[in-house]
Amino acid sequence: MGVTQLQAVFPGDRQVAVREREKPTAGVDEVVIRVGAAGVCGSDLHYLYRVPAAERGLPRLGVSINADAVPGHEPAGTVESVGSAVDGVRPGDRVVVHHISGCGHCEWCVSDRQMHCADKKTYGFDIDGAFQEFMRAKARDLVPVPDGLSMAAAAFCACGAGTAYNAVRKLAVVADDRLVVTGLGPVGLAAAQFALARGARVLAVDVAEERRKIALTLGVKLALDPTADDFAAQASAWSGGRGATAGVDCSGNESARGTLLDAMGVGGRVAFVGEGGAVTLSVSEQVIHKQLTIIGSWIFGRTELREAMEFVAERGIALESLITDRYSFDDVASACATADRGVGGKVVVIREEENR
Ligand SMILES: NC(=O)c1ccc[n+]([C@@H]2O[C@H](COP(=O)([O-])OP(=O)(O)OC[C@H]3O[C@@H](n4cnc5c(N)ncnc54)[C@H](O)[C@@H]3O)[C@@H](O)[C@H]2O)c1
Ligand SMILES: [Zn+2]
Ligand SMILES: [Zn+2]
């Protein structure tokens, strides 16, 4: 073996193993990145970390998984070396890796919707991702990190916050909106922050008290427990009896989706972001008679990732305030255990020199 590095892998059943492997080298159209920060996303937990060992490597919710790949699909870092055919990216550049690597040629890839590419690979799921010291990536999957954006915030944009930004953008949230967000994990908290930045009034909803408290620190005026007896009355009073105009579910929970649809008013727009599970609809009462528009919002393209990071940098969105836990690359196990408890904000794995 040549120069080696440490990688974290998930054997299943909430275990994390650290292994030593050869440091990657860049192919002609690739780069090697010194990973500066790597976020832990809810999808890492649902698709990989919590999976029983016997089910490792099986596809989950349509995503193909290679049991031997290094997890981590929120990579931010500094380019260390570039392949011979790489143009426009140089060693020293600060970048995030757009975690969906499409074929680059099909109708989806050319329209920046790489997530629908039939030949796509996903960093952290079926090709090596960010929970390692150095990571190989195709040069075309890189997006530059704007000046002033920290590595930790950039990593958060690479999936969780970028997803929240794009769901709020697709709903065209404006200052007149009354927006309800159900599920105040990192994705839901970021959605609340982006809706506030667009001027909306926000009602934040989660069963976890600690997460409701984090929402209140962002400037959300009301954060409610959906299981409280007076929830419906409080939500109605918040909207002046008119219901919400916009809503985002970031819980993936069936009952939370019902709570959200009940809170909507006439003409409301709803985005489903939380993955998995089901929803029971009272079609007439919850959808038809309210003339609701319900959309699904699944991650984002490369240009949408760039736009999200620029929005955060230019508007000074305090994504950093959502990052409550930071761990070093040799302690991915603690990072995952903390994220798995589901009570704090965003968890990132970060190099000492990026920790500011
Ligand atoms: N659509 C996409 O492109 C996309 C991208 C990234 C993540 N995701 C998904 O988004 C979801 C959120 O990610 P995360 O990292 O914030 O996850 P998370 O698990 O940390 O957060 C989910 C939150 O939902 C809350 N919740 C559970 N039941 C509830 C209920 N009945 N009412 C209100 N809140 C309830 C939980 O307490 C938790 O705080 C996950 O399902 C993740 O897989 C989707
Ligand atoms: Zn393609
Ligand atoms: Zn993710």
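The values are calculated or read from the model by the stated rules, or taken from the named source; none is laboratory data. Since the model is a prediction, treat every value here as computed from it, not as a measurement. Note that we place each Cβ from the backbone using ideal geometry, even for glycine, and neighbour counts take in every protein chain shown. Areas reflect the complete protein model, heavy atoms only, side chains present, ligands, DNA and RNA absent. Shrake-Rupley method; radii C 1.70, N 1.55, O 1.52, S 1.80 Å.
Based on Cα contacts under 8 Å between residues 6+ apart, the stretch 120-241 shows a relative contact order of 16 percent. The residues neighbouring Glu254, those whose beta-carbon lies less than 14 Å from its own, together hold a net charge of -2 under the Lys/Arg +1, Asp/Glu -1 convention.
Computed with a 1.4 Å probe over protein heavy atoms only, the accessible surface of the stretch 32-103 comes to 37 Å² per residue. Please give the solvent-accessible surface of Trp238 in Å², to the nearest 10, using a probe radius of 1.4 Å with every protein chain present. Counting only protein heavy atoms, Trp238 exposes about 30 Å² to solvent. Toward the positive end of the charge dipole of the chain, with +1 on the Cβ of Lys and Arg and -1 on the Cβ of Asp and Glu, the farthest Cα among Ser334, Ser239, Leu196 is that of Ser239.
Look at where the Cα atoms of the stretch 118-171 and of the stretch 264-294 average out, and the two centres are 29 Å apart. Among Arg198, Arg212, Arg242, the sequence by solvent-accessible area, most first, with a 1.4 Å probe is Arg242, Arg198, Arg212. Compute the Cα gyration tensor for the stretch 186-296, then decide on rounded, prolate or oblate, letting a ≥ b ≥ c be the square roots of its eigenvalues: rounded whenever a/c is under 1.5, prolate when a/b is larger than b/c in the other cases, and oblate in all that remain. Note, shape of the stretch 186-296 comes out rounded.
Among Arg326, Arg341, the order of accessible area from largest down is Arg341, Arg326, computed with a 1.4 Å probe on protein heavy atoms. Rounded, prolate or oblate, given the Cα gyration tensor of the stretch 1-130, with a/c below 1.5 counting as rounded? Judged from the Cα gyration tensor, the stretch 1-130 comes out oblate (a/c at least 1.5, b/c at or above a/b).
Heavy-atom surface analysis with a 1.4 Å probe gives the chain a carbon and sulfur content of 49 percent of its accessible area. Using a cutoff of 8 angstrom between alpha carbon atoms and counting only pairs six or more residues apart, the relative contact order for the stretch 253-301 works out to 46 percent.
Relative to the longest principal axis of the Cα atoms of the chain, helix 186-197 runs at roughly 60 degrees. The helix-only estimate of mean residue ellipticity at 222 nm for the chain, built from DSSP H runs of length n ≥ 4 each weighted as -39500 (n - 2.57), is -7000 deg cm²/dmol after division by the residue total. Report, in whole Å, the centroid distance computed from the Cα atoms of the stretch 1-58 and the stretch 223-243. The two parts, judged by their Cα centres, are 42 Å apart.
In plain terms, the chain from Asp225 to Val28 could stretch by 65.6 nm, reckoned as 0.36 nm per residue minus the Cα-Cα distance.
For the chain, the antiparallel share of DSSP beta bridges with both residues in that region comes to about 55%.
Rounded to the nearest 20 debye, the dipole size of the stretch 246-356 about its Cα centre is 340 debye, using +1 on the Cβ of Lys and Arg and -1 on the Cβ of Asp and Glu.
The relative contact order of the chain, computed from alpha carbon pairs under 8 Å that lie at least 6 residues apart in sequence, is 18 percent. Accessible area per residue (1.4 Å probe, heavy atoms of protein chains only) ranks Lys213, Lys138, Lys221 as Lys221, Lys213, Lys138, with the largest value leading. Other residues lying with their Cβ under 12 Å from the Cβ of Thr182 contribute a combined charge of -2, Lys and Arg counting +1, Asp and Glu -1. If you plug the beta carbon distance of Gln291 and Glu320 into 1/(1 + (r/R0)^6) with R0 = 30 Å, you get a FRET efficiency near 0.15. In the context of the full set of protein chains, residues of the stretch 225-356 present 47 Å² of accessible surface per residue (probe radius 1.4 Å, heavy atoms only). Straight Cα distances below 29 angstrom link Lys23 to the lysines Lys120, Lys121, Lys138, Lys346, with same-chain residues fewer than 8 positions distant left out. Counting only alpha carbon atoms, the long axis of helix 332-341 and the longest principal axis of the chain meet at about 10°. Would you mind checking the tilt of helix 302-315 against the longest principal axis of the Cα atoms of the chain, expressed as 0 to 90 degrees and rounded to 10? In the chain, helix 302-315 runs at an angle near 70 degrees to the longest axis.
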